[in-house]
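The values are calculated or read from the model by the stated rules, or taken from the named source; none is laboratory data. Note that this is a predicted model, so its numbers are computed, not measured. Counting neighbours? That spans all protein chains shown, and the Cβs are built from the backbone with ideal geometry, glycine included.
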Amino acid sequence: MNLVLQGPKATPDCLARIAALANPARVITLNEHAVRCETVDFSDALKQTIEVAAQAAQLDATFIDADLKLADFKLVAMDMDSTLITIECIDEIADMQGLKPQVAEITEAAMRGELEFSESLMRRVALLEGLEASALERVYDERLAISMGGEAMLAAVKAAGLKTLLVSGGFTFFTERLKTRLGLDYTHANALEIVDGKLTGRVVGGIVDAEEKKRTVERVCAEMGISTHEAIVMGDGANDLKMMGIAGLSLAFRAKPVVRAQATVALNFAGLDGLLNIL
């Protein structure tokens, strides 16, 4: 196995100290905040030791098959809210109604896996009834930001020939704008019903829940003529677990504990471009 250590606050001394714990055959400096320890004799005990030290130093420590490369993959599929972007759009829309605390509480419970996603979405969207549709534009313009390293990661995977998919339990209003802005290949999300310039509190058509996210990744892979094992899938919440489970590599980004536990790779400190150091 290789071990990749990285973090935005990483210093050379700190990286060297933790790398030494792994007793690698050699250490390659990837950049000022990341190193790759090559030919590490992996064990669960070593993993635990490294992870404790890395957490204390605010580093991400990733054990990865030494043979795995970006070129082994053909698709990067991403969740939107709190993964590719820094916000939960529905919480910010609710803030325009003065209902952010109530909606955010339901969002959190759903992301932790304590509430069934479709039910949680319908409950949250119902609270938005009567809101001017212009509030969506304000959220996009004033509050939406791409997660750290997101644009660098996308530029690199596109340059390497991979396709990109944004699949979200959020809303087409945002995914379609991000598709144009970031040059994404595929998007899929929920459509908010708008009548006379106001939100009705309902979603049009089927809901993009965990099962539909998984089906979307399968559908796009089939369209591309590739296996789902040639997909990298990124997410942060419980409704991402099914699509992450069919991927060749799953990446938990700033994720809930239930997601981190099941992902191939977890980035808690590095940006999304940390994927590039890992592969």
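Among the residues making up the stretch 1-17, a single one is hydrophobic (A, V, I, L, M, F, W, C), part of a loop (DSSP other than H, G, I, E, B) and crowded, with 21+ Cβ neighbours inside 10 Å: Ala10. Pairing each residue of the stretch 44-62 that is farther than 12 Å from Ala22 by Cβ with any residue that is among the basic types (Lys, Arg), provided the two are 6+ apart or on different chains, yields C-beta distances under 7 Å for Gln58/Lys9. Filtering the stretch 119-146 to residues that are surrounded by fewer than 20 Cβ atoms within 10 Å (Cβ to Cβ), in contact (Cβ under 8 Å) with a residue 24 or more places away in the chain and either under 19 Å from Asp209 (Cβ atoms) or hydroxyl-bearing (Ser, Thr, Tyr) (or both) leaves Met122, Ala126, Leu127, Ser134, Tyr140. Inclusion of Met234 among residues that are of a type outside the set (Gly, Ala, Ser) and assigned to a helix (DSSP H, G or I) is not warranted.
Considering (1) within 13 Å of Asn239 (Cβ to Cβ); (2) in a helix (DSSP H, G or I), the lone condition that Leu115 does not fulfil carries the number (2). When the test is whether a residue is among the acidic types (Asp, Glu), in a helix (DSSP H, G or I) and over 19 Å from Ile93 (Cα atoms), Glu151 passes it. In the stretch 63-75, the condition of being within 30 Å of Lys163 (Cβ to Cβ), assigned to a loop (DSSP other than H, G, I, E, B), at pLDDT 95 or above and touching a helix residue (DSSP H, G or I) at 6+ places or on another chain (Cβ under 6 Å) is met by at least one residue. Here the stretch 78-112 is the region considered, the condition is being assigned to a helix (DSSP H, G or I) and of a type in the set (Asp, Glu), and the residue that is surrounded by the fewest Cβ atoms within 10 Å (Cβ to Cβ) is Glu105. I'm trying to understand the selection: among the residues of the stretch 237-267, which are assigned to a helix (DSSP H, G or I) and closer than 27 Å to Leu3 by Cβ? Asp240, Leu241, Met243, Met244, Gly245, Pro257, Val258, Val259, Arg260, Ala261, Gln262 - these are the residues of the stretch 237-267 that are assigned to a helix (DSSP H, G or I) and closer than 27 Å to Leu3 by Cβ.
Could you tell me which residue of the stretch 18-38 is surrounded by the most Cβ atoms within 10 Å (Cβ to Cβ), considering only residues that are outside any loop (DSSP other than H, G, I, E, B) and without any contact (Cβ under 8 Å) to a residue 24 or more places away in the chain? Selected residue: Ala19.
Across the stretch 150-181, the number of residues qualifying as touching a residue at least 12 places away in the same chain (Cβ under 8 Å) and either among the β-branched types (Val, Ile, Thr) or surrounded by 19 or more Cβ atoms within 10 Å (Cβ to Cβ) (or both) comes to 19.
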